[in-house]
Amino acid sequence: MAYASFPHHLWPVSTHFFQQRLFLGKHDLGEIARRLGSPLYLYDLATIDHAIGALRRGLRAWPGPGLITYASKAWLSLPLAQLLTRRGLGFDVVSLGELEIAQRGGADLRRVHLHGNNKSPDLLARAADAGVGAIVVDNLHELSLLEAMKPPAPLALWLRLNPDQSPDTHAYRQTGHEGSKFGLNWEEAQEAARRIARAPHLRLTGLHAHIGSQFFELTPWFRAIDRLVALAAWVEKRHLGEIRFLSPGGGLGVPYHPDDPPARLAETVARLSRYAAGVWRNGLSGSFPTLTLEPGRSLIARAGVALYTVGAVRHLASGQRIIAVDGGMNDNMRPALYGARYTAALAHAPLAAAMGPARIVGPLCESGDFLIERIDLPEVQPEDILATPVSGAYHLSMASNYNGMLRPAVYLHARGDLVPMQRRETVADLLHRDIPLENPSNPTGTAFKDA
């Protein structure tokens, strides 16, 4: 592969070559994997900052205030929460775990929004006690739970509208169509607004939609904004609330494969901002609300690189090779779940000429355990280090212990240093939750005893 044809747009901005080897800053990726072990995930802080800067430049096209709240489901850890908080971001959370991580990471809870299609009473109470900026109402059952609460202060609520829009993406990632489990339809949203207005401890302050993830065509997103602004006009005309936040969600796609064009994040967000401003200006008078975006993948995906060590290499009669590495669907479920396409490079020879097709597979007891279905690679030997870019989003957050596999270590590349973010999981971690039986031959215990 020539330098000019290398897919630089898929790799962290700190990636470069030295003596024909692949580096992240001053660190040889092959040597780092050998020293720290594999599988290994590296996150590049400069790439995260690059994405945040692009999002903020795009938001300048919005005439009112703008807010970036990170979609925690892409991947959240305590150190990442600390980094994003220091950069002024909020958090979109959907569980007690995500809420607690964000809070311990120092998040400004006024910029934390609780999402989810089946929030428990305990989670709602915890969010209310914590003082989150908004609880995003997903259905009328949830609203009933909120109506029955007695919070210490009035609760700010957003309504999640289902705009019946389906972007061009995998069916599992479409979340805004009529049959989706997410969001209120138009009539339900109207009912919810009326009920909130009658409840003295509830305040309707925002509207939200999220049509899906990993999409590039903006027309469905624009149609969702049309519906949100129409609902805002309906609410304000009837004095049912003051819409101070408008959130079209997130979901912008990123390139994963060399065939995918480079992302134009700032330009895309600017288009969205200008369109939303025009629709709001035509539909309502008065000041503009805070335009709240919820990037996850578009903020974090490119920053991550996964490093694997090659094990067995099989040569088939067809000329194809099957290359087994020490990670798979246990740390990257996306190829098996969505048919996601990736690329990879040998850390010691990223520019070497390809010798033929290969399939990259993992070590698990599943035929669907693969990372790359087809890729042209140079000669590959056991103990080589294979680097996979665009590994920052929806890998570690969906990682599992299937087959008793241990989740990988994670390091941050910041200003030339490698800083640990998560240690490698151990067998002791796997056993930590298990409670040994006192008498395996005749196990007894108290029914429903809470361990």
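The values are calculated or read from the model by the stated rules, or taken from the named source; none is laboratory data. All values reported here derive from a predicted model rather than from experimental measurement. Positions of Cβ are generated from backbone atoms using ideal geometry, with glycine treated the same way; all protein chains shown enter the neighbour counts.
Just one of the listed residues (Arg223, Arg274, Arg244) is among the charged types (D, E, K, R), modelled with pLDDT of 95 or more, surrounded by 15 or more Cβ atoms within 10 Å (Cβ to Cβ) and assigned by TED's automatic domain parsing to the domain that holds Ala193, and it is Arg244. Looking across the stretch 118-137, the residues that are in contact (Cβ under 8 Å) with a residue 40 or more places away in the chain and of a type in the set (A, V, I, L, M) come down to Ala134, Val136, Val137. Taking the stretch 396-446 as the range and being in a helix (DSSP H, G or I) and surrounded by 12 or more Cβ atoms within 10 Å (Cβ to Cβ) as the test, the residues that pass are Leu396, Ser397, Met398, Tyr402, Asn403, Asp429, Leu430.
Quick check, is Pro258 in a loop (DSSP other than H, G, I, E, B), modelled with pLDDT of 95 or more, surrounded by fewer than 23 Cβ atoms within 10 Å (Cβ to Cβ) and assigned by TED's automatic domain parsing to the domain that holds Ile68?
Criteria not met by Pro258.
Selection of strands (runs of 3 or more DSSP E) fully inside the stretch 264-327 by the criterion of at least 2 residues being closer than 21 Å to Pro12 by Cα and in contact (Cβ under 8 Å) with a residue 12 or more places away in the chain returns 304-315.
Please work out if Trp62 is closer than 21 Å to Thr175 by Cα, touching a residue at least 60 places away in the same chain (Cβ under 8 Å) and surrounded by 22 or more Cβ atoms within 10 Å (Cβ to Cβ). For Trp62, the condition - closer than 21 Å to Thr175 by Cα, touching a residue at least 60 places away in the same chain (Cβ under 8 Å) and surrounded by 22 or more Cβ atoms within 10 Å (Cβ to Cβ) - is not met. Could you tell me whether the stretch 142-150 includes any residue that is buried (at least 17 other Cβ atoms within 10 Å of the Cβ), under 17 Å from Leu228 (Cβ atoms) and either out of contact with any helix residue (DSSP H, G or I) (no Cβ under 7 Å at 6 or more places or on another chain) or of a type in the set (Phe, Trp, Tyr) (or both)? No; the residues of the stretch 142-150 include none that is buried (at least 17 other Cβ atoms within 10 Å of the Cβ), under 17 Å from Leu228 (Cβ atoms) and either out of contact with any helix residue (DSSP H, G or I) (no Cβ under 7 Å at 6 or more places or on another chain) or of a type in the set (Phe, Trp, Tyr) (or both).
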